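Participant: One structure is given below, represented as structure tokens, and several questions about it will come after.
The values are calculated or read from the model by the stated rules, or taken from the named source; none is laboratory data. If you're wondering where the values come from, they're calculated on a predicted model, not measured in any experiment. Positions of Cβ are backbone-derived with ideal geometry, glycine not excepted, and every protein chain shown enters the neighbour counts. In case anyone asks, the SASA skips ligands and DNA or RNA and just uses the protein heavy atoms, side chains included. Shrake-Rupley method; radii C 1.70, N 1.55, O 1.52, S 1.80 Å.
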2 protein chains.
Amino acid sequence: MTLKMTLDDQLCFSIYSASHAIARMYRPLLDPMGLTYPQYLVLLALWERDGRRVRELGADLLLDSNTLTPLLKRMQAADLVARTRNPEDERSVLVSLTEKGHALRAQAEDMAPCVAKAMGDDMEELAELRDRLHRLRARLDGADQPA
Amino acid sequence: MTLKMTLDDQLCFSIYSASHAIARMYRPLLDPMGLTYPQYLVLLALWERDGRRVRELGADLLLDSNTLTPLLKRMQAADLVARTRNPEDERSVLVSLTEKGHALRAQAEDMAPCVAKAMGDDMEELAELRDRLHRLRARLDGADQPA
DNA sequence: TCATATTAAATCGCACACGATCTAATCGCA
DNA sequence: TGCGATTAGATCGTGTGCGATTTAATATGA
């Protein structure tokens, strides 16, 4: 069994296009909250654990400061997060949720039925897909950085 | 079975991060060919069927002209494709492979072992994942555009 | 036939991603 | 103690994605 060199046969394209399709699906849901899709992912990470350093956020999201710094500055400008120098170590910056950032969580939870409807409501299938993708990413990251 | 509001539990994040991980994996392979990852996908589409209109390419890749036009212009500047007005309908532009664009196919095929190694060589698993993603994307696209 | 609607690309503006580089703070060790 | 190495963010440049608009060409119907 080999994958042919055609778009439809390539796993890489199925991930690429599914990823964009998901972002497109989320956009109209996030727009009313003034959020972009990556900003929503940052909030997911912060709702889980608040007051993180940029680097820790980046480890969760697999993003570096060159992406996160401008993104977080926009979120700061939108009053979603606060960025403060870490008194313990002035090199690092602590990112924490504002009232508004906290408050959006309830609204975000309301998206769930809509998201489930768009993706299909077979939660078993979606969880299975999530786990397979998780394993693939682990293999990809593990290959280059066996740390 | 529900997905919790945490990064790791969200299907959306597993796709997002896997998608970027794949692009990162391809980068060092494509760099020597002077290709970006989206440019490689365009070539995949053209190797399959050459001389397409921008709109047709966009239908395959799920991209609009606002993304494709600049991308194709860069590929034209790199002598990978030619862009010519369609004599049958001057509104449309035909995109066709140059010699160089054709020639890269052989080189691209040589990436396969490396890609398989990075993703894991369980082709059954990868094909299964591809099909599940394909079905998800079809559901997502079908929800908004039932055409 | 000719104005209007439709269609295909192109253009514009903004927000990611990311390689490469820079700056500032802390660490480590002679 | 003090200086080179390390570390954390920030900055810069390039290349996507995509909503919104514009331009040019073709189709359509009174």
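Participant: Since A:Asn66 meets every condition but one in (1) touching a residue at least 12 places away in the same chain (Cβ under 8 Å); (2) open to solvent by 10 Å² or more (accessible area, probe 1.4 Å); (3) part of a helix (DSSP H, G or I), which condition does it not meet?
Facilitator: In the conditions (1) touching a residue at least 12 places away in the same chain (Cβ under 8 Å); (2) open to solvent by 10 Å² or more (accessible area, probe 1.4 Å); (3) part of a helix (DSSP H, G or I), A:Asn66 misses (1) alone.
Participant: Another question, if that's okay. What is the one condition in (1) closer than 16 Å to B:Met5 by Cα; (2) within 14 Å of another protein chain (Cβ to nearest Cβ); (3) over 14 Å from the mean Cα position of the chain (by Cα) that A:Ala103 does not satisfy?
Facilitator: Exception for A:Ala103: condition (2).
Participant: In addition: Quick check: is even one residue across region B:16-33 outside any helix (DSSP H, G or I) and open to solvent by less than 20 Å² (accessible area, probe 1.4 Å)?
Facilitator: Looking for residues that are outside any helix (DSSP H, G or I) and open to solvent by less than 20 Å² (accessible area, probe 1.4 Å), one finds none in region B:16-33, hence no.
Participant: While we're on this one: Under the condition of being under 20 Å from A:Glu88 (Cβ atoms) and within 11 Å of chain B (Cβ to nearest Cβ), which residue from region A:42-58 is nearest to DNA strand C (Cβ to nearest atom)?
Facilitator: A:Leu57
Participant: Suppose we filter A:Asp50, A:Asp60 for residues that are more than 17 Å from B:Phe13 (Cβ to Cβ) and among the acidic types (Asp, Glu); which single one remains?
Facilitator: Going through A:Asp50, A:Asp60 in turn, just one is more than 17 Å from B:Phe13 (Cβ to Cβ) and among the acidic types (Asp, Glu): A:Asp50.
So that you can scan it fast, the table gives a plain yes or no per residue for (1) under 30 Å from A:Asp141 (Cβ atoms); (2) of a type in the set (Val, Ile, Thr):
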| position | (1), (2) |
| --- | --- |
| B:Cys12 | yes, no |
| B:Arg27 | yes, no |
| B:Met33 | yes, no |
| B:Leu46 | no, no |
| B:Arg55 | no, no |
| B:Asp64 | no, no |
| B:Thr67 | yes, yes |
| B:Asp79 | no, no |
| B:Pro87 | no, no |
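Participant: Being modelled with pLDDT under 95 and touching a Leu at 6+ places or on another chain (Cβ under 9 Å) narrows it down to one of B:Met119, B:Met75, so name that one.
Facilitator: B:Met119
Participant: Could you tell me whether region B:100-115 includes any residue that is open to solvent by less than 60 Å² (accessible area, probe 1.4 Å) and within 16 Å of DNA strand C (Cβ to nearest atom)?
Facilitator: No, the conditions are met nowhere in region B:100-115.
Participant: Still on this structure: Of (1) loosely packed, with under 15 Cβ neighbours inside 10 Å; (2) over 19 Å from the mean Cα position of the chain (by Cα), B:Asp131 satisfies all except one. Which?
Facilitator: Condition not satisfied by B:Asp131: (2).
Participant: Taking region B:34-61, which residues are free of Cβ contacts under 8 Å to residues at least 12 places away in the same chain and part of a loop (DSSP other than H, G, I, E, B)?
Facilitator: If the condition is that a residue be free of Cβ contacts under 8 Å to residues at least 12 places away in the same chain and part of a loop (DSSP other than H, G, I, E, B), then B:Thr36, B:Arg49 are the ones that fit.
Participant: Output yes when any residue across region B:86-97 is facing chain A (nearest Cβ under 8 Å), away from DNA strand C (no atom under 11 Å from the Cβ) and of a type outside the set (A, V, I, L, M, F, W, C), and no when none is.
Facilitator: no
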